[in-house]
Amino acid sequence: MKTRNILAPAIALAAIASAPAVAADANAFKDKTMKIVIPYGPGGTYDLYGQTFAKHLGRFLPGNPNVIVVHMPGAGGSKAMNWAYNVMPKDGLNAVTPLDNSVINQLMQPDKMRYDARKYTWLGSSNQTNLVMVIRSDTGVMSMADMKKKELIGSAAGTTDTSFIGSRLAAGLLGFKVKMVPGYKGSNAAIFAIEQGEAHFAMYNWLAWASRNAWFKGDKPFVRPVLQIGFFKDPDLSADVPMLSDLVKDPEGLKVVNFIASLGVLGRGLAVPPGVSDDMVKTLRAGYDAMNADKVFAEDLKKRSLRLVPSSGAKIQEIVVAAIDGATPEVVAKAREIIYGK
């Protein structure tokens, strides 16, 4: 399993140097409206990043097009991914904020994923981070050891959602019980279920939690982070929040953890469907790189409590292709069995 060696270098990517966007046809974007499809409802980190992209990307494309967002929730985000691949216009004026678990979904549920993530054209990413399991403090759960003492209820947007995948994986490998309730309209709604008392925990990208900073403060915080999945410990978390990879001793189980960890490096970015012209792709990627290097864009992300960890579209493309081509059938089958059952 070569996923760890292939993906790890992408985590430490430096900020991308600013470059002017040069189009084959300078009129390609003039007086046009570009649409960014968000695979969840409003309020989550996909939406927050997408809204920020929409605000700034047009400044770095020739003709300075107007950029808007369109929400398309459903099936844990897979509805939008399938639609974008098969139906979305291939004119370069339509893009999607792709799921960070695009690769995992494709390999584990190929009958439901009507796309090949390798054939999407990835324009770039503006964040990389871990999945973090966060649990209400009033459950009495302070650590992974406490998880084995009671069955807890977890919330998720769907069975292809990162909360469902990460929680079931951890439960299967570490031997504790969880009852997952999928069907919420995005990570924001699933996290709100915790606030409402409908669920005890969820497992999402750390930025989905960081925007609720007040929940973690004080001697008796409302929630606690207890586990993370990724290739490195998130710098925003306390050092005592363990990595799943450090807790799993079985070599085969560790291969599965590393496979699932690939979702963290895909982060939050943009992609276009196959069939967009090479000239348009070159222009879009250059514009995205220039946006990532822009101080105003960085400051706007910061105001929204969002991090900027930039990566180029070419690098993300390389990661996606390598992750799919490098995942053995045995590892994928083992992951599917742990998460979804036999």
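Please treat every number below as a calculation from the coordinates, not as lab data. None of these values were measured; they are calculated from a predicted model. For neighbour counting, all protein chains shown are included, and Cβ atoms are generated from backbone atoms with ideal geometry for every residue, glycine included.
Considering only the chain, what is the antiparallel percent among its DSSP beta bridges, to the nearest 5?
Taking every DSSP beta bridge within the chain, about 55 percent pair in antiparallel fashion.
R0 = 41 Å: FRET efficiency of Lys342 with Lys220, Cβ-based, nearest 0.05?
Details: r = 41 Å, r/R0 = 1.01.
Result of the calculation: an efficiency of 0.50.
Taking the range 142-230, which GluC sites (Glu not before Pro) meet the DSSP loop condition and have no more than 12 other C-beta atoms within 10 Å? Write down the numbers at each step before the final one.
Values: sites: Glu151, Glu195, Glu198; in loops: Glu151, Glu198.
When the GluC sites (Glu not before Pro) of the range 142-230 are filtered for loop state and at most 12 Cβ neighbours within 10 Å, Glu151 remain.
Restricting the count to DSSP beta bridges whose residues both fall in the range 131-262, what percent are antiparallel, rounded to a multiple of 5? Each step should come with its number before you reach the end.
On the way: 11 of 17 bridges.
Given both bridge residues lie in the range 131-262, the antiparallel proportion sits at roughly 65 percent.
As a check on your grasp of the helix formula, calculate [θ] at 222 nm for the chain: sum -39500 (n - 2.57) over DSSP H runs of n ≥ 4, divide by the residue count, round to the nearest 500.
On the way: 14 runs with 133 residues, N = 342.
One gets -11000 deg cm²/dmol as the mean residue ellipticity at 222 nm.
For the range 100-169, what class follows from the C-alpha gyration tensor (a ≥ b ≥ c being the square roots of its eigenvalues): rounded when a/c is under 1.5, otherwise prolate if a/b is larger than b/c, else oblate?
Details: a/c = 3.54, a/b = 2.03, b/c = 1.74.
Cα axes put the range 100-169 in the prolate bin.
If I take every Cα pair under 8 Å that is 6 or more residues apart in the range 17-154, average their sequence separation and divide by the length, what percent do I get for the relative contact order? Don't skip to the answer; put the middle values down first.
On the way: 154 pairs, mean separation 31.2, N = 138.
Computed value for the range 17-154: 23 percent relative contact order.
Count charges around Ile316 for me, please; just the other residues with Cβ under 14 Å from its Cβ, Lys/Arg as +1, Asp/Glu as -1.
Numbers: positive: Arg118, Lys119, Arg268, Arg285, Lys315; negative: Asp100, Asp289, Glu318.
Neighbour charge sum, excluding Ile316 itself: +2.
Taking the structure as given and computing volume of the Cα convex hull per residue in Å³, which label from [x] 119; [y] 208; [z] 167 fits?
This structure yields the entry labelled [x].
Cα gyration tensor of the range 229-342, axes a ≥ b ≥ c as square roots of the eigenvalues: rounded (a/c below 1.5), prolate (a/b > b/c) or oblate? Walk me through the numbers on the way to the answer.
Working: a/c = 3.16, a/b = 1.41, b/c = 2.24.
The shape class here is oblate.
Relative to the Cα centre, what is the charge dipole magnitude of the range 131-262, using +1 at the beta carbon of each Lys and Arg, -1 at the beta carbon of each Asp and Glu, and rounding to the nearest 20 debye? Each step should come with its number before you reach the end.
Details: 15 positive and 13 negative charges, 44 e Å.
Charge dipole, the range 131-262, about its Cα centre: 200 debye, nearest 20.
Longer than 19 Å from Cα to Cα, which of Lys90/Lys315; Lys79/Lys112; Lys90/Lys295; Lys148/Lys179; Lys30/Lys79 are they? Say none if no pair is.
Values: Lys90/Lys315 22 Å; Lys79/Lys112 9 Å; Lys90/Lys295 30 Å; Lys148/Lys179 13 Å; Lys30/Lys79 30 Å.
Going by Cα-Cα distance, Lys90/Lys315; Lys90/Lys295; Lys30/Lys79 fall outside the 19 Å limit.
Quick one: grab the alpha carbon gyration tensor of the range 131-262, order the square roots of its eigenvalues as a ≥ b ≥ c, and give me rounded if a/c is under 1.5, else prolate or oblate depending on whether a/b is larger than b/c. Write out the running numbers ahead of the final one.
Details: a/c = 1.40, a/b = 1.24, b/c = 1.13.
Rounded shape, in that the Cα axes give a/c under 1.5.
Taking the simple approach of a point 7 Å from Cα along Cα-to-Cβ for both Ala145 and Glu195, what is their distance in nm?
Modelled inter-label distance: 3.3 nm.
May I ask you to derive the relative contact order of the range 152-277, considering only C-alpha pairs under 8 Å and at least 6 residues apart, and to give it as an integer percent? Don't skip to the end; give the middle numbers.
Working: 138 pairs, mean separation 26.8, N = 126.
Taking the mean separation of contacting Cα pairs over the length of the range 152-277, I get 21 percent.
Return a whole-number percent for the relative contact order of the chain, with Cα pairs under 8 Å and 6 or more residues apart as the contact set. Let's see the in-between values first.
Details: 706 pairs, mean separation 106.9, N = 342.
Answer for the chain is 31 percent.
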